[in-house]
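Let me begin by presenting the structure, written as structure tokens, before commenting on it.
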Amino acid sequence: MDWSLFRRLIPGLIPAEPAPPALVGLTLGGGAVRGAAHLGVLSVLEREHVPIGVVTGTSVGALVGAGVAACISSEDMMAAFSKASWSRIALPTWASKLSLLQTDPLGTLMERVTNARTFDDLRLPFAAVACDLLTGSAVAMTTGSLREALMASSAIPGLFEPIVREGAMLVDGGLVDNLPVDAATDLGADYVIAVDIMPPLDGSYEPKDLRDVLLLSWNIVQRAGEVERERAGIVITPKVAAVPLSDFSRVREAYEAGVVAAEAALPTLLADLGMTSRPSAGGAPPAP
């Protein structure tokens, strides 16, 4: 029976139909090695069974986001992240005039972690954001080769080889859209959880090598280009300013910062989603 007429005539007498659940989007920003903080945040969301429906990411946020979209656990991704090093994800290149490194090993690693070759192999809708170096526009990739898209989204100009895809020359999306909240709403998200791992520089860290100089310069560009924070339902910002962008020995520190930030945001997040916190015997999940 259709009770809608009775509800209008006798408000309050007939119980209202429950509102459909919001589609929750997860947006993960770029930040090189600090991407381990995303995994700390994810460990808390997994524990609380927060229902992620769509995922978007830029640079390392796209790499982690692809794992989320493939339904890979934060623990498994952290295991892979903990074994990473520059020599395992990139190789020097002398054939290119456009970069110092080529990232074929990174593409191979992501195929192995996600067990996915194309976006169609993923279990959740996903967008990886890059920048077209020839036009300066953001490109949200949702179809085709996943490996190619992830390499493009994380191709820091000057450091990594640009990726030519569908007539565009693609580089790291942080140049124009480091926290792609709008890409998540374009995929249908009603509420977006954004994780920003590029806090303002606080003067606590000085670059140690060329990689650090490039990455710290990139940090400045990314912060200037972040315009979508206000459109997120909630922004989680792990305190990772002291974690070097290029030092893989500090991934545990970044992970734990993600856990702390997610725990702090949890009451607001669960209230926004109409959820109740689930008791945890061990408190915050430990780093794997």
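The values are calculated or read from the model by the stated rules, or taken from the named source; none is laboratory data. Being a predicted model, the structure only gives us computed values, none of them experimental. No Cβ is skipped: glycine too gets one built from the backbone with ideal geometry, and neighbour counts run over all protein chains shown. Surface areas here come from the heavy atoms of the whole protein model, side chains and all, with no ligands, DNA or RNA. Shrake-Rupley method; radii C 1.70, N 1.55, O 1.52, S 1.80 Å.
Couple of notes before you dig in:
- Hey, residue 226 open to solvent by less than 50 Å² (accessible area, probe 1.4 Å) and at pLDDT below 85 or not: yes
- The single condition among (1) more than 18 Å from the chain's Cα centre (by Cα); (2) farther than 26 Å from residue 189 by Cβ that residue 107 does not satisfy is (1).
- Residue ID - farthest from residue 60 (Cα to Cα), chosen from residues in the range 231-250 that are over 15 Å from the mean Cα position of the chain (by Cα) and outside any loop (DSSP other than H, G, I, E, B): 231
- Output for the range 191-205, where each listed residue is modelled with pLDDT under 95 and either touching a His at 6+ places or on another chain (Cβ under 9 Å) or part of a strand (DSSP E or B) (or both): 197
- Failed condition for residue 119, given (1) farther than 24 Å from residue 167 by Cα; (2) in contact with a Ser or Thr (Cβ under 6 Å, 6 or more places away or on another chain): (1)
- Here residue 48 meets each of (1) within 20 Å of residue 128 (Cβ to Cβ); (2) open to solvent by less than 20 Å² (accessible area, probe 1.4 Å) with one exception, condition (1).
- Within the range 102-134, the set of residues being in contact with a strand residue (DSSP E or B) (Cβ under 9 Å, 6 or more places away or on another chain) and either of a type in the set (Asp, Glu) or without any contact (Cβ under 8 Å) to a residue 24 or more places away in the chain (or both) comprises 104, 105, 132.
- Qualifying residue in the range 99-109 (condition: of a type in the set (A, V, I, L, M), farther than 24 Å from residue 252 by Cβ and at pLDDT 85 or above): no
- One residue from 33, 55 being assigned to a helix (DSSP H, G or I) and either at pLDDT 95 or above or buried (at least 19 other Cβ atoms within 10 Å of the Cβ) (or both): 33
- Filter result (open to solvent by 60 Å² or more (accessible area, probe 1.4 Å) and out of contact with any Pro (no Cβ under 9 Å at 6 or more places or on another chain)) within the range 81-107: 83, 92, 94, 95, 97, 104
- Candidate set: the range 58-78, residues that are in contact with a Gly (Cβ under 9 Å, 6 or more places away or on another chain) and surrounded by fewer than 24 Cβ atoms within 10 Å (Cβ to Cβ); chosen: the one nearest to residue 259 (Cα to Cα): 78
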